Amino acid sequence: MIMDQGCHSAALIIIDMINDLDFEGGEDLRGPAEAAAQRIVALRAAADDAGVPVIYVNDNFGHWHSERSSIVDHCDRDGSPGRALIAALRPRDSDYFIVKPQFSGFYATNLPVLLPQLGVSRVILTGVAADICVLFTAADAHMREYDLWVPGDTVASESDDHRRWALEIMRHSMCAETGPTHELALADWLSRDG
């Protein structure tokens, strides 16, 4: 991976949205994840306009020799319940893609190296599941003193109660902004003092 050495104040992180949803609870997650994907697409376009890098942080589904194309192909295979997610959010050549082995995007990945290389001090977290991987990534980002925005309409969980619970923890315990994208524009969040 060749890193852009430019200086960005923020990065958009898309967590586990390249997903086949082929697991227990996946059917419950499908509708909320597809709704979140549409909002993430709009946020990704706003990030592009603002020069904010897009970083996919994604599970490897137990395929330890996998990289971007094989993970995307696995999730986009015939019969995959997650194909709509891939259609909406297929990573582009300009996007960064980091494979994670555990819940947090920071654990045993290149993310802690990439973000400083990009000059990032603020992160926008989106994806699934709000109460697992997004929450663990937010906790690690908070401990590393990143300013956080977790737009409530760009994260999903198997139940809306779990999503709301996770957002409440991130707001109160991790000082995260959790306003949805229809109430807070990316440009407005970027213009705020950290």
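Does Y107 fit the bill of being hydroxyl-bearing (S, T, Y), at negative phi, within 15 Å of the chain's Cα centre (by Cα) and surrounded by fewer than 18 Cβ atoms within 10 Å (Cβ to Cβ)? Taking the combined requirement at face value, the residue satisfies it. Inside region 117-161, residues that are surrounded by fewer than 17 Cβ atoms within 10 Å (Cβ to Cβ) and within 24 Å of G31 (Cβ to Cβ) make up a count of 3.
Quick one: would you say P112 is assigned to a helix (DSSP H, G or I), over 19 Å from R44 (Cα atoms), in contact (Cβ under 8 Å) with a residue 12 or more places away in the chain and of a type outside the set (D, E, K, R)? It is true that P112 is assigned to a helix (DSSP H, G or I), over 19 Å from R44 (Cα atoms), in contact (Cβ under 8 Å) with a residue 12 or more places away in the chain and of a type outside the set (D, E, K, R).
Only one of the numbered conditions (1) under 25 Å from W149 (Cβ atoms); (2) part of a loop (DSSP other than H, G, I, E, B); (3) modelled with pLDDT of 95 or more is violated by D78, and that is (1). Within region 172-194, the residues that satisfy the criterion of being acidic (D, E) and either in a helix (DSSP H, G or I) or surrounded by 17 or more Cβ atoms within 10 Å (Cβ to Cβ) (or both) are E177, D188. The number of residues in region 13-63 that are in a strand (DSSP E or B), among the aromatic types (F, W, Y) and closer than 19 Å to E158 by Cβ comes to 0.
I'd like the full set of residues that are of a type in the set (D, E, K, R) and surrounded by 14 or more Cβ atoms within 10 Å (Cβ to Cβ), limited to region 72-84.
Residues satisfying the conditions are D76, R83.
Where the second residue is in a helix (DSSP H, G or I) and the first is exposed (fewer than 11 other Cβ atoms within 10 Å of the Cβ) and lies in region 85-96, which pairs have Cβ atoms under 9 Å and are six or more apart or on separate chains? Here the result reads S94/D48, each pair linking region 85-96 to a residue that is in a helix (DSSP H, G or I). I169 fulfils the conditions (1) crowded, with 20+ Cβ neighbours inside 10 Å; (2) part of a helix (DSSP H, G or I) except for a single criterion, (1). Among the residues in region 43-64, are any at pLDDT 95 or above, of a type in the set (A, V, I, L, M) and over 29 Å from S191 (Cβ atoms)? Checked against the condition, which is being at pLDDT 95 or above, of a type in the set (A, V, I, L, M) and over 29 Å from S191 (Cβ atoms), region 43-64 yields no hits at all. Scanning region 168-194 for residues that are over 18 Å from the mean Cα position of the chain (by Cα) and polar (S, T, N, Q) turns up S173, S191. One residue stands out in region 2-34 among those that are hydrophobic (A, V, I, L, M, F, W, C) and out of contact with any strand residue (DSSP E or B) (no Cβ under 7 Å at 6 or more places or on another chain): the one that is modelled with the highest pLDDT, namely L21.
The values are calculated or read from the model by the stated rules, or taken from the named source; none is laboratory data. Only a predicted model underlies this, so the values are computations on that prediction, with no experimental measurement involved. Cβ coordinates were reconstructed from backbone atoms using ideal geometry, including for glycine residues, and neighbour counts include every protein chain displayed.
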